[in-house]
Structure formats: structure tokens, C-alpha cells
Amino acid sequence: MGPNPSVNVGQKRSRGTGPSKAIVARKIVTCQEARQEVLASGCHCGAAAQYEQSLKLSLIVLSDTETVPGLHAWFDADAAMDRLCAFKQRPREQFIYLFPDLASIETLADLDAIHVRGLERLMAAVRAPMTLVFPSHDEDGSTSVAVRVVNHPFLRQVLRTCYPVASTSANVHTAPPPESLRDVSTQAREAADVEVRTPLPSAGIPSAVVDFSVRPVTIRRPGQLNEPEFRSALRAFDVLR
């Protein structure tokens, strides 16, 4: 399939009494692949490439994830990160950072207190989307970072060449997260420069949050996680050093 032909820039007009004025809205990029094609081999129509380019151009991208729709900015794009912080009224340290695989999370997270192979086996066994909290690499050792290995085939393709990516649910501060892109409020939608639509919708349930920076390991938010199954796998796979 050729390059994505469906890049649309919408326009909206002011409702004042004076002459109408066109306002450029966010860009909308639509993946043209069928769901099964993306599941099997990723996106080849150009939408994933445009997603990556947008992040690297310091733009904020709205898209589905395997959990809830999110607003995304590349970690190294300071302008986009600053805007995302302002919109969500939180510092950088309070975002979730997305990665393509477990090995890559060590760029932000200190994994010295776990066996990485054991954690990899636990994640394969449990399957539920999990945000993992670890100590960060700060020298004083007092801060932590929340990371998630993405299992969304479209997003994982983007992340292979553009990570870490800050992610936050697409809602204003204190509002509940949307379950789907159509539920995203106008205010949250307007915070994005680009909206990417894929054939893989969000599940509508936030990820579990599991804190490995404390002992005992603590589940801060259950998400879709089965806690007895998780605790059993934690022991069985010898995750903790």
C-alpha cells in the first residue's frame, strides 16, 4: 500500500458578528491498513511514519493506546513536553513513559533490584497492560519513574525509533479519562497538534500501576490486573533480587 493519502487539515470558523475567520485545526492522520494487517505486520501506509515525524517535530499527538486514548510527546522534544505539562498541570516526572521493549526502559529506570528475565516472563504470563514504577537514575535515589512497555502494534512500531514517549490520558486535569477517541473532550482534543486514527481502538480501561520502587511491591491501581495471578507470577519467576 502506498503513502497515506488521508492527511486532512480541518477548518473551523469563528462565530462572532464580524467577517468569518478560518482557523487551522489539528492535522488528522488516518491509518489505511485493515485491523488484521496492523496486528500481523504493523502499519505500512505511512501513518506510523507521520506519527513518529510529528513527535520529533515537537508536536503533541492524540491517539488510541491499548488502555485509554492518550496525549503523547517525545521525551527529547522540550517544547512539546512543556506544553503537555502545562495542559495537565503536572511536572514531567508524573507522566508515564512508553517504550517498545523491556530492555529500553533502562534509559530512565533503575532495574538493579529486579531480574529482568524474570520480569519479562511475568509480563508475558500476566498479559494485562501494566505501568511499572521503578527508581529513576537520579543520583540521590529519591525519585521514581513510571514506564510501560507498549503492546499496541501500531504504537510499538512508532516507539522502535522514537522513545521514550510521555503519555497521559486525553482529559483535562481532574476529569475522568475517556474510553474512546470519540469521548475526548474538545479542550483535550485542542491540546493536540495531530490526531492519529488507527484500526486498533483503546480498551477503555487505564493500565494497572505496579510500584517496584517499594517493598513489598504494591499495586497502586488495579486496571485489568488479576492480583492473585500477579502475586503468584512474581514469586514463580523470581523477579525480585
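Determine if the range 58-67 includes at least one residue that is surrounded by fewer than 19 Cβ atoms within 10 Å (Cβ to Cβ) and in contact with an Asp or Glu (Cβ under 7 Å, 6 or more places away or on another chain). No, the range 58-67 has no match at all. Scanning the range 24-41 for residues that are modelled with pLDDT under 50 and either surrounded by 10 or more Cβ atoms within 10 Å (Cβ to Cβ) or part of a loop (DSSP other than H, G, I, E, B) (or both) yields a single hit, A25. Among residues of the range 209-235 being among the aliphatic types (A, V, I, L, M) and in contact with a helix residue (DSSP H, G or I) (Cβ under 8 Å, 6 or more places away or on another chain), the one that is surrounded by the most Cβ atoms within 10 Å (Cβ to Cβ) is V210.
The single condition among (1) hydrophobic (A, V, I, L, M, F, W, C); (2) assigned to a loop (DSSP other than H, G, I, E, B); (3) closer than 19 Å to S58 by Cα that V172 does not meet is (3).
Applying the set (1) on the phi > 0 side of the Ramachandran plot; (2) at pLDDT 95 or above to V147 leaves exactly one unmet item: (1). Of the residues that make up the range 134-150, is at least one surrounded by fewer than 20 Cβ atoms within 10 Å (Cβ to Cβ), touching a helix residue (DSSP H, G or I) at 6+ places or on another chain (Cβ under 9 Å) and hydrophobic (A, V, I, L, M, F, W, C)? There is no residue in the range 134-150 that is surrounded by fewer than 20 Cβ atoms within 10 Å (Cβ to Cβ), touching a helix residue (DSSP H, G or I) at 6+ places or on another chain (Cβ under 9 Å) and hydrophobic (A, V, I, L, M, F, W, C). Close contacts from the range 118-129, counting a first residue that is closer than 14 Å to P222 by Cβ and a second that is part of a loop (DSSP other than H, G, I, E, B) and among the β-branched types (V, I, T), with Cβ to Cβ under 9 Å and a gap of 6+ residues or different chains, come to P129/T65; P129/T67; P129/V150; P129/I205.
Can you pull out the residues in the range 88-101 that are within 17 Å of the chain's Cα centre (by Cα) and surrounded by fewer than 18 Cβ atoms within 10 Å (Cβ to Cβ)?
R90, P91, R92, E93, Q94, D101
Once the range 176-208 is narrowed to residues that are closer than 30 Å to L111 by Cα and not polar (S, T, N, Q), the residue that is surrounded by the fewest Cβ atoms within 10 Å (Cβ to Cβ) is G204. Please determine whether any residue of the range 197-216 is outside any loop (DSSP other than H, G, I, E, B) and among the small types (G, A, S). Yes.
In a strand (DSSP E or B) and over 21 Å from L55 (Cβ atoms) - does that describe any residue in the range 152-165?
no
The values are calculated or read from the model by the stated rules, or taken from the named source; none is laboratory data. Treat the numbers as computed from the prediction; the structure is a model and nothing was measured. Neighbour counts are summed over all protein chains in view; Cβ atoms, including those assigned to glycine, are modelled from backbone coordinates with ideal geometry.
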